[in-house]
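Report on the structure given below.
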Amino acid sequence: MTPEFYEQVCQICYNALQCEAAQRSGFLDRACAGDASLRKEVETMLAYEGRLDSFLATPALIVAANQLAQAMEESDEILPGDDQRMNGARPILSETLAGSFAPGVTLGGRYLIDKELGRGGVCAVFLARDRKLHDAPVVVKVLLNIWQETAQKTWMEKKFKQEIAALARIDHPSVVRALDVGESPDGRSYLVMQYVSGRSLRSVLTAEGMDLGRLAKLARQMGRALAAAHRQGVIHRDLKPENIMLQSLGDEEYVKIIDFGIATIHDMADAPDNQTTEVVGTRSYMAPEQLRGKPVAASDIYALGVIFYEMATGQRPFNSESILHLYELQRAGAKLKPRDLRPSLPEAAQSVILKALSFTPHDRFANAKDFTDALADELIGEGARLSPPGAFVGPRRWSLILLLVLAALIGVLASSRFSFRDKAGLERTQPPPAAAPDRYLSYSVEARRDPRRNPRAKPFITFENVIFGEGDEARLYISSPQPGFLYVINQGPTQTDGFPNFNILFPGMENGGASPEIPAGQIVQIPSPDRNRRDNWLVFDHEEGVENIWLVWSERVVPELEAVKSWANPKDQGAIRDLAQRVSVLRYLATFSAVRPEFERDEVGKQTKLRAKGGTLAWGMKLEHR
Amino acid sequence: MFTEITELLVAWSEGDREALAQLVPIVEAELRRLAKSYLSKERPDHILQTTALIQEAYLRLIDWQNVRWQNRAHFFGVAAQMMRRILVDYAVEQKALKRGGGARHIALEELGEPAKVFSGRDLNIVDLDIALGKLATLNSRQSQVVELHFFGGLTLKEIAEVLDVSLGTIKRDLTLAKLWLLRELG
């Protein structure tokens with residue numbers, strides 16, 4: 001068949017499909033005009049019309065997954081681990097479990113079941129009382145019967161018993177202790193463990209980050225506990241702040257690591273080496289190799305790295321709902337270094353945390369104790385003592401936000417994997433001379449709710465702390481008691497390539513670009529009154545995000561920004577879209593982060609007054625839209 | 001944010017085989033996860049009908065919705081090709097393992113029994129891949145539409161956007177391509 005002939009067949013086929021059934025034969029007679037081979041082709045294709053809706057209706061990935069499921073069902077393949085936590089589905093609950101472990105039942109003549117505490121992937125956990133020990137609370141963990149196949153059941157039983165044996169061998173004050181094992185009347189193995197009271201690490205984490213001395217103490221204990229587990233061949237596999245319990249005794253705080261619930265025995269002789277286990281646990285703390293289903297002891301070290309990052313900064317280094325995306329973020333490395341968020345963190349401590357977050361297990365620390373000892377040593381060194389935690393937090397919340405914006409910029413630059421040469425070459429040519437007089441600049445924001453929806457809404461003057469919705473409008477008023485040169489650049493939300501778009505808001509783009517020069521005392525309105533926009537406002541569209549508006553106020557023309565001006569598209573609101581140029585602008589603006597102006601807020605006039613040393617002042621203000 | 005995936009995809013489309021190798025394990029892990037979730041339910045066929053799950057699966061792999069890529073067509077095209085390559089290779093491997101392992105790459109024509117019912121589970125992805133290759137020689141856009149729809153998981157509207165043709169044209173292409181493929185797979 002030739003493409004031309006096929007096209008002819010397609011034409012007729014498609015037209016025939018549009019015909020009423022009764023007319024179809026007549027249509028084909030006319031369309032094929034006695035050409036028997038053409039007619040035969042058309043008819044054999046049309047014969048499949050009834051299958052059109054069901055054929056290829058399911059995406060390939062789902063089809064493949066289903067076929068795999070079928071193959072697993074047919075074969076004796078054993079599925080270690082479990083993913084129930086991740087997809088939120090409940091394991092098949094067994095009636096007998098409820099009976100043998102119901103509240104009021106006493107196990108082994110000793111443990112009185114109180115209530116079910118929770119159900120994980122493969123286990124159910126109960127709170128019980130030890131009748132032989134003054135009704136002391138204990139935790140009973142029971143293997144769930146979620147496997148239909150005997151082979152799988154046997155395998156899980158064996159794994160569970162091995163885990164119990166390994167846990168029993170870990171003798172460390174910071175690891176929850178196994179107390180007893182037994183078998184229920186219906187033949188289930190259960191494990192009795194210490195009940196750990198106290199609060200979880202999660203409950204003490206704050207957005208500002210933890211006191212570094214406290215972090216050092218907790219880290220040391222966590223590292224020792226894990227090292228003890230690893231020595232016994234137990235990988236925790238689900239380390240997260242929820243599984244780190246804190247107990248206070250006097251002035252001291254003690255760590256207890258719980259829920260080795262999905263810990264696996266990695267030196268198990270009968271599991272093939274290359275057997276991948278299902279991805280389980282909370283992904284934000286998971287090492288890349290664990291996302292790929294191959295956890296090793298170093299995966300726990302990675303998880304600790306994520307936890308320490310969060311303890312120090314209040315944030316996790318990587319967040320994504322998508323496994324693939326998370327994996328890629330991990331490969332690229334943390335865009336925000338801990339010190340970008342917590343400048344008082346010693347440089348060396350940051351290096352230790354980042355080493356633990358190495359993409360390749362081999363590049364991390366070989367031993368959990370070495371890791372946390374190194375971290376604790378750096379944390380309680382000179383640097384930490386000189387700058388108390390939280391010292392960088394300004395008197396107002398938004399100063400922190402601005403700082404974060406700047407930090408984000410530096411982070412993006414520092415970790416950018418874009419290695420192409422800076423085409424535009426926007427190196428700062430003139431560092432601000434120290435002798436230059438101070439620069440002053442004042443600004444305020446005027447905002448208005450969407451005038452189409454709220455025709456009577458009045459504009460109001462505000463700081464930049466309002467949140468804009470779709471259709472809402474803003475403009476800026478900028479002035480200075482000094483003459484100088486003003487550039488206003490809008491940095492939009494980060495795009496999918498990791499870099500933001502930019503628009504030049506001032507000077508105007510008309511007639512080949514206006515002059516940035518402003519006489520002393522003149523009030524500049526942005527967008528300029530002569531710009532051809534709706535009533536000269538910045539209008540927020542439906543896209544959510546943060547607009548960072550950079551004000552650069554210099555005593556002379558800034559050649560770098562003149563270059564930036566020349567890249568902007570006057571027909572597209574002064575937009576800069578070329579990736580290399582956007583990277584250059586970002587790099588250039590980031591050079592200003594080291595010289596942050598002093599500022600003062602005038603609560604009555606809603607005016608922000610800036611002052612900076614040297615000949616150039618640069619300030620990033622943030623408008624948020626949702 | 002998607003620089004890395006994009007870079008990998010582009011690198012692969014430019015002939016870098018390593019790039020694909022880095023994506024394979026993640027797709028396979030997702031496959032296994034999905035397969036497991038089907039196994040743990042009572043009626044897998046029922047789950048197949050829920051579009052939410054399908055959406056979720058694709059979102060896990062590539063956050064399509066959030067991709068605002070300068071060259072959308074290129075990105076989606078390459079991503080769909082990637083998915084096709086990985087899934088077809090995977091199907092070939094599974095068959096090879098079933099036959100007792102050993103030879104990982106066996107001749108395509110030796111593979112599989114002819115598929116008769118097309119309700120997903122019985123669709124032979126390897127045969128479909130071969131047929132799609134033949135279709136490309138007759139009408140490359142029809143073949144591309146199937147690739148984007150079936151392997152790439154894109155809606156018809158998205159395909160129209162990516163290929164920059166009308167929605168009507170995409171519907172026509174898909175209908176005719178399906179008829180042709182159905183006949184070819186017999």
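Hey, among the residues in the range A:587-623 that are within 19 Å of A:Ile489 (Cα to Cα) and out of contact with any strand residue (DSSP E or B) (no Cβ under 7 Å at 6 or more places or on another chain), which one's modelled with the lowest pLDDT?
It comes out as A:Ala594.
If you check A:Arg220 against the conditions, is it basic (Lys, Arg) and under 21 Å from A:Ala287 (Cα atoms)?
In short, yes.
Within the range B:128-165, count every residue that is at pLDDT 90 or above and either among the acidic types (Asp, Glu) or at positive phi (or both).
Looking only at that region, the number is 2.
Yes/no matrix, rows are residues, columns are (1) out of contact with any helix residue (DSSP H, G or I) (no Cβ under 8 Å at 6 or more places or on another chain); (2) assigned to a strand (DSSP E or B); (3) at pLDDT below 70:
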{"residue": "A:Ile113", "(1), (2), (3)": "yes, yes, no"}
{"residue": "A:Leu127", "(1), (2), (3)": "yes, yes, no"}
{"residue": "A:Lys132", "(1), (2), (3)": "yes, no, no"}
{"residue": "A:Gln152", "(1), (2), (3)": "yes, no, yes"}
{"residue": "A:Glu163", "(1), (2), (3)": "yes, no, no"}
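Can you find, within the range B:120-143, the residue that is farthest from the other protein chains (Cβ to nearest Cβ) among those that are assigned to a loop (DSSP other than H, G, I, E, B) and free of Cβ contacts under 8 Å to residues at least 60 places away in the same chain?
Step by step, filter the range B:120-143, then rank; the result is B:Asp122.
Within the range A:184-239, which residues are touching a strand residue (DSSP E or B) at 6+ places or on another chain (Cβ under 7 Å), among the charged types (D, E, K, R) and assigned to a loop (DSSP other than H, G, I, E, B)?
Scanning the range A:184-239 gives A:Arg188, A:Arg237.
Filter the range B:159-170 for residues that are among the small types (Gly, Ala, Ser) and assigned to a helix (DSSP H, G or I) and give the result.
Result: B:Ala160, B:Gly168.
For the range B:147-186, give me each residue that is among the β-branched types (Val, Ile, Thr) and facing another protein chain (nearest Cβ under 9 Å). Quick ask: steps written out before the conclusion?
So the first thing to find is which residues in the range B:147-186 are among the β-branched types (Val, Ile, Thr), and the list is B:155, B:159, B:162, B:165, B:169-170, B:175.
Answer for the range B:147-186, where residues must be among the β-branched types (Val, Ile, Thr) and facing another protein chain (nearest Cβ under 9 Å): just B:Thr175.
Name every residue in the range B:144-158 that is of a type in the set (S, T, N, Q) and either in contact (Cβ under 8 Å) with a residue 24 or more places away in the chain or in a helix (DSSP H, G or I) (or both), in order of residue number.
Restricting attention to the range B:144-158, the residues satisfying the condition of being of a type in the set (S, T, N, Q) are B:144, B:155.
Result: B:Gln144, single match.
How about the range A:496-510: which of its residues are of a type in the set (S, T, N, Q) and at pLDDT below 75?
The one that is of a type in the set (S, T, N, Q) and at pLDDT below 75: A:Thr496.
Taking A:Gly513 as meeting all but one of (1) modelled with pLDDT of 80 or more; (2) more than 27 Å from the chain's Cα centre (by Cα), write down the number of the exception.
So A:Gly513 meets the others, but not (1).
The values are calculated or read from the model by the stated rules, or taken from the named source; none is laboratory data. Only a predicted model underlies this, so the values are computations on that prediction, with no experimental measurement involved. Counting neighbours? That spans all protein chains shown, and the Cβs are built from the backbone with ideal geometry, glycine included.
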